[in-house]
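The values are calculated or read from the model by the stated rules, or taken from the named source; none is laboratory data. None of the values given here were measured: they were computed from a predicted structure. Methodologically, a virtual Cβ is constructed for each residue, glycine included, from the backbone with ideal geometry; neighbour enumeration extends over all protein chains shown.
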Amino acid sequence: MMATLGTSTRPGAPRPAALWVGISRISSGGLVLATLAVVYALNVVGGDPRFENTFGYFTNLTSLFASLVILTAGIATLRGRPSGRPLAIARAAAASCLVIVGLVYNLLVPGTGTAPPWASVILHLVFPVLALLDWLLVTDRPRLAWREIWWVLPYPIVWLAATLIRGVTEGWVPYGFLLPSRGTTAILWTSTGLLAALLAAAALVWAGQRTSRAGLDSMGD
């Protein structure tokens, strides 16, 4: 069932559905930020205080990005404002990246990584599912055109470029398949495959909005 948001008849107060959605978004975003803080603290205690190492992992950086996006959406909801187009694009991009995070980890490399099991469950399962459901079931956003799907690519491309540069200059990469020793051709094919998978996930996210009533029912009177 789609969540229809609006405002109550009392000025300045969101309707119950909007209040619930706003609180849920802020709660889930806050939970992920707290989880990431614990993961970073554990890395510091374990002898790796470099922020860029903890957040060099696509899962961690994507979770940080997505949590800030969903927090922004939650605050906007509580203020009685719909997601404008830039925020809607950010939400769609975050949901697309989280789909990749969830599928790759749970289907291809389950149980790997250094984060505590409970943190892995939150970052690789709970949050991706919540973000995807929020996108599919809550209609406080404009309908995105297919030509806007390319907005999902800048963030992962920048992450890939920065990671590959660090691999060459520092010898550090978060994942073995990005090691410079694999050779330029292998890394190029791997990177292309990852971006293609992301576009496929984004296509599902974009198509998903077509199954619902597009746009905003009205958050105003």
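Some points to look at:
- Residue within region 140-157 that is crowded, with 20+ Cβ neighbours inside 10 Å, in contact with a Ser or Thr (Cβ under 9 Å, 6 or more places away or on another chain), outside any helix (DSSP H, G or I) and hydrophobic (A, V, I, L, M, F, W, C) present: no
- Residue count for region 39-55 under the criterion of being outside any helix (DSSP H, G or I) and crowded, with 20+ Cβ neighbours inside 10 Å: the result is 1.
- If you go through region 140-166 and keep only what is farther than 14 Å from F58 by Cβ and free of Cβ contacts under 8 Å to residues at least 40 places away in the same chain, you end up with A145, R147, W150, P154, I165.
- Subset of region 161-174 (residues that are buried (at least 16 other Cβ atoms within 10 Å of the Cβ) and either more than 19 Å from the chain's Cα centre (by Cα) or at pLDDT 95 or above (or both)): T163, L164, R166, G167, V173
- P116, sole failed condition from (1) loosely packed, with under 15 Cβ neighbours inside 10 Å; (2) touching a helix residue (DSSP H, G or I) at 6+ places or on another chain (Cβ under 8 Å); (3) at pLDDT 95 or above: (3)
- Qualifying residue in region 78-92 (condition: in a helix (DSSP H, G or I), free of Cβ contacts under 8 Å to residues at least 12 places away in the same chain and farther than 22 Å from L160 by Cβ): yes
- Enumeration of residues in region 60-85 that are of a type in the set (S, T, N, Q) and at pLDDT 95 or above: N60, T62, S63, S67, T72
- Number of the exception - L98 against (1) among the aliphatic types (A, V, I, L, M); (2) in a loop (DSSP other than H, G, I, E, B); (3) within 23 Å of L204 (Cβ to Cβ): (2)
- Test for V101: is it within 21 Å of G30 (Cα to Cα), surrounded by 19 or more Cβ atoms within 10 Å (Cβ to Cβ), within 18 Å of the chain's Cα centre (by Cα) and not basic (K, R): yes
- Some residue of region 180-199 being touching a helix residue (DSSP H, G or I) at 6+ places or on another chain (Cβ under 7 Å) and farther than 26 Å from W150 by Cα: yes
- Subset of region 56-96 [surrounded by fewer than 18 Cβ atoms within 10 Å (Cβ to Cβ) and in contact with a Pro (Cβ under 7 Å, 6 or more places away or on another chain)]: L78, R85
- Among the residues listed as A186, A202, A207, A196, the single one being free of Cβ contacts under 8 Å to residues at least 40 places away in the same chain, part of a helix (DSSP H, G or I) and under 20 Å from A90 (Cβ atoms): A207
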